[in-house]
Amino acid sequence: MAKAISTFIDRLIARRELRRWTAEARNAATAPLPALRQSRTRARTLKARLDDLIHTADGRLALPLIGSNIFPVPHGTDWSWRPDLWRGPLPLRGIAAAETQSRLGDQVTLHHDCKQSELTILQTRNHREEDLAPFGLRMDVFAFDGSFLSLAIELPADAIRNLTKSHLIRLSAQIEVETPLEIFARLNVVHGPNTEQVTRELSLKSPEVMIEFDLAYSGLNEKRLEKAWVDLIFENPEMNQVVIRDLTFARCPRAEF
């Protein structure tokens, strides 16, 4: 009963506020300037709160669901992960004229050696029926006077917990490019004073991309694992737009023959 009464009172207050702002808008053309200035300040404050509400509500009510970690994984997977950038909204959605080591969230870092940056990175919302990830990453590259461009994705501690040379680490992605370019993925695993690296090229013949890093022939010291990350390396990216609609990782034991 108390909840019903509270809801009824809230509705009455909301209706009264709506009538008040309707009247304020109707009288704006003739109101004295000092009163109009005060009304504008209050309206701007209210608008900012309403915009925040609408933005959050649109994000939560749109599909795919924010926070989703659902994606196909191979049989026998013992670890899988979708980075935060592709799962939920970031406090900082984008960076224009992005400098090297610019970060989007805690896990994705941009690296380049341009003297003058004409790079933009932006978190976007996915709305297509086929999208599994709630968010994507768009990178716009205009003039490019550097020699390299990469995105580093830091892997969580679970990725290397109990990691052995018999494991495969799978990277799956949905990538769209404006014009053809080469993209390489490099797995880096720090073990003691050394860093093991395994590089694979991403085939962009279709938007769905999958590669596997095989650690079988690496010099990995399984007892001294410290951290791991993956570099996405873009060759000749000038005047291009790259959209990574999804990016996921999975780890599973390699089949023994």
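Annotations for the structure displayed:
- Residues located in region 21-40, provided they are exposed (fewer than 10 other Cβ atoms within 10 Å of the Cβ) and part of a helix (DSSP H, G or I): 33, 34
Listed here are the residues, each with its yes/no results for (1) of a type in the set (Val, Ile, Thr); (2) under 30 Å from residue 223 (Cβ atoms).
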residue	(1), (2)
94	no, no
104	no, no
122	no, no
157	no, yes
164	yes, yes
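- Wholly within region 76-153, strands (runs of 3 or more DSSP E) carrying at least 3 residues that are in contact (Cβ under 8 Å) with a residue 40 or more places away in the chain and touching a strand residue (DSSP E or B) at 6+ places or on another chain (Cβ under 6 Å): 79-81, 108-112, 135-141
- Filter result for residue 197 (assigned to a strand (DSSP E or B), polar (S, T, N, Q) and surrounded by 15 or more Cβ atoms within 10 Å (Cβ to Cβ)): no
- Considering the conditions (1) at pLDDT below 95; (2) under 22 Å from residue 242 (Cα atoms), residue 220 is excluded by exactly one of them, (2).
- Within region 223-237, tally of residues that are surrounded by 15 or more Cβ atoms within 10 Å (Cβ to Cβ) and among the charged types (D, E, K, R): 2
- Residue check, residue 158 assigned to a loop (DSSP other than H, G, I, E, B) and surrounded by fewer than 17 Cβ atoms within 10 Å (Cβ to Cβ): no
One line per residue, one yes/no per condition, for (1) under 16 Å from residue 153 (Cβ atoms); (2) modelled with pLDDT of 95 or more; (3) touching a helix residue (DSSP H, G or I) at 6+ places or on another chain (Cβ under 6 Å):
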{"site": "181", "(1), (2), (3)": "no, no, no"}
{"site": "196", "(1), (2), (3)": "no, no, no"}
{"site": "233", "(1), (2), (3)": "yes, yes, no"}
{"site": "247", "(1), (2), (3)": "yes, yes, yes"}
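- Within region 141-161, tally of residues that are among the aliphatic types (A, V, I, L, M), farther than 17 Å from residue 227 by Cβ and over 19 Å from the mean Cα position of the chain (by Cα): 1
- Filtered by the rule that a residue be of a type in the set (D, E, K, R) and farther than 18 Å from residue 243 by Cα, region 144-192 gives 145, 154, 158, 161, 165, 170, 186.
The values are calculated or read from the model by the stated rules, or taken from the named source; none is laboratory data. Every value quoted in this text rests on a predicted model; they were computed, and no experiment measured them. Cβ atoms come from the backbone with ideal geometry, glycine included; neighbour counts cover every protein chain shown.
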